[in-house]
């Protein structure tokens, strides 16, 4: 649906001059005024026989090239031939007027059939807009604090201000492919349980997850809600963690040169090259500072050292089974103790960095609730600093450190918002204020960091574009098509250092593998409303779809289901041990598994052959089973096992080797 662009100030000024200008025939508006008078005279049947002056016979310098339909509607036309974009979208005949010098005849209008087609399509679009507007207004009344501004597009000068001109093309492509999209977010209806914890999009989209699924009436699958059980598990795990901290703080730590060097190397390889929150020199200086004081100082440098050693320990661990204690928990306990002393130092940059490391450790341990608590504290401190005059007193290196901490915090925060269905904290509104990180050298870690930022922002924004509400799918095939096109453009402009295959080929670089997973997941998210629409249409519910809309919807639904199968075929690359992408991959893998179960052997989706192939479901179940020591995963697999039995996919038994599930099973020590 075209969007009418507002008139620019210069256009408005010109229009004013033409309206109020004098009647002088030699002025710039003489021809226009005469044309208006001539047209008016023809309309009233009162043609004037006076001879035309030389000014009127002078050929016009600007020739209108808009098609007849756009001229009739007085909308901007892209003048593409043989059919402009507007006529192509509406599926109507596009004709152009042949320009002739001095021609003042009335422009022939479109054919009656074309006008009937336009009126029919406009009525459909107006009805859809009216229903969507009503939903937005109702949601805003019920959630008045939800913002309706878009934060998807950072200003162009943040990219052009980069010192490295060699990489400017790739960086511009990563950041500017989203230009032109601006969609208001929608509030959360009160009718949802735990509505204040729902993201704006989740209130509209019935997407299955580890926590909840609200099945529409045309989907013959039971809904589920494990939100309370999830929070019970996380709270109890936090209590046990505090007890462990008390014991660990009384034990000596291994600060031998060999151990600290090994853990530093693991930290750089498995974290810093994913999220370059600071350079390697900062890491080395912090460890040397702490070592010179026998690791007994209670300062930010020692805190940073303890946390990076803890991350180095847990990130080098490749086991998936529960243990008595999470790797590096002894260093982590000491770091958290020191960090607590600086909780009131809002403007300290190293405290921000420590918060990011603390949240990242919880992510590695698959403990999303404490990770959320840590990263939201970091987000609040970032917003306080950006709102104050503190940044005016920072030098160039301090500003760069703040920018890196901000974007690292933003990517982690948005991931947890999407997986845990938490309400946004407001950090998005500061995206336009913070430049992207800068770098001089050719480092794939920075390329990955920038690509991750742009893709995460794109994913977050896309979740608020399409959705589901009150038994109706709110989807726009044209908008979804454009979003998918822009995602492909994002991929086409990726630097070769981080480019990944878009098929199921093995990737032995964890960062590329994680980017590929998020890339595929984005197509699944964009196509899910079309899956719901096809299932609703197959049950005979909702308004009928015309042939063109049905074809587009089927294509997008097929892309969603095929994307689920592709994601699950490569997900084990992130699930073999603990990685930065393991937490996201676990949640996304279960969502894909649930999607395949929901759509399995659905008659309306018979045109997608993957809906009849049970090996995709079995593969998803198997790659999640090594993580069944996590209560949330185990609970989800138990539900999936029951659904698989009902569908006849496999004669699944209860998860082997595990006893009855109790709340709080497998705390952080078993992470």
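At 0.36 nm per residue, and after removing the present C-alpha to C-alpha distance, how many nm does the segment from residue 444 to residue 249 gain when stretched out fully?
Stretched out fully, the residue 444 to residue 249 stretch lengthens by 66.4 nm.
If you take the square roots of the eigenvalues of the alpha-carbon gyration tensor of the stretch 325-434 and sort them as a ≥ b ≥ c, do you get rounded (a/c under 1.5), prolate (a/b over b/c) or oblate?
Oblate, since a/c reaches 1.5 and b/c is not below a/b.
By counting other Cβ atoms within 10 Å of each Cβ, how are 94, 378, 409 ranked from fewest to most? If you can, show how the numbers build up before the last one.
Numbers: 94 21, 378 26, 409 29.
Fewest-to-most ranking of 94, 378, 409: 94, 378, 409.
By how many nm would the segment from residue 398 to residue 78 lengthen if fully extended, with 0.36 nm per residue of separation less the alpha-carbon distance?
Values: separation 320, 0.36 × 320 = 115.20 nm, distance 4.65 nm.
Full extension of this stretch gives 110.5 nm more.
Mind giving me the FRET efficiency for residue 432 and residue 65? R0 is 35 Å, r the Cβ-Cβ distance, nearest 0.05 is fine.
According to the calculation, E is roughly 0.45.
When only Cα pairs under 8 Å and 6 or more residues apart are kept, what is the percent relative contact order across the stretch 232-433?
19 percent
Can you tell me the order of 209-218, 77-86, 412-421 when each peptide is scored by its average per-residue count of other Cβ atoms within 10 angstrom, highest first?
Answer by packing, highest mean first, reads 412-421, 209-218, 77-86.
Shape of the stretch 544-586 from its Cα gyration tensor (a ≥ b ≥ c, root eigenvalues): rounded if a/c is under 1.5, otherwise prolate when a/b > b/c, or oblate?
It comes out prolate by the Cα gyration axes.
Hey, with R₀ at 41 Å, roughly what FRET efficiency would residue 281 and residue 549 work out to, going by the Cβ-Cβ distance, to 0.05?
The value I calculate is 0.10.
Using a basic spin-label model with each label point 7 Å from the Cα along Cα→Cβ, how many nm lie between residue 214 and residue 293?
5.1 nm
Sticking with the crude label model, points 7 Å out along Cα→Cβ, report the distance from residue 235 to residue 601 in nm, one decimal please.
Each label point is offset 7 Å from its Cα along the Cβ direction, giving 4.1 nm.
To the nearest 0.05, how large is the calculated FRET efficiency for residue 482 and residue 227 if R₀ is 35 Å and r is the Cβ-Cβ distance?
0.55
If neighbour count is taken as other Cβ atoms inside 10 Å, put 255, 245 in order from fewest to most.
Least crowded to most crowded, the residues run 255, 245.
Just to be sure I understand the model, the point goes 7 Å from the Cα along the line to the Cβ. What's the resulting residue 257 to residue 503 distance in nm?
Label-label distance for residue 257 and residue 503, simple model: 5.1 nm.
Label the stretch 256-380 by shape, choosing from rounded, prolate and oblate, from the square roots a ≥ b ≥ c of the eigenvalues of the Cα gyration tensor; if a/c is under 1.5 it is rounded, and otherwise prolate applies when a/b is larger than b/c, oblate when it is not. Walk me through the numbers before you get to the answer.
Working: a/c = 1.45, a/b = 1.06, b/c = 1.37.
In terms of gyration-tensor shape, rounded.
Please arrange 295, 447, 361 by how many other C-beta atoms lie within 10 Å of their C-beta, fewest to most.
Working: 295 18, 447 22, 361 30.
Ordered from fewest to most neighbouring Cβ atoms within 10 Å, 295, 447, 361 come out as 295, 447, 361.
Taken together, the values in this text are just the output of simple stated rules run on the coordinates, not laboratory data. Since we're looking at a predicted model, the values are computed, not measured. Neighbour counts run over all protein chains shown; Cβ positions are idealised from the backbone, glycine included.
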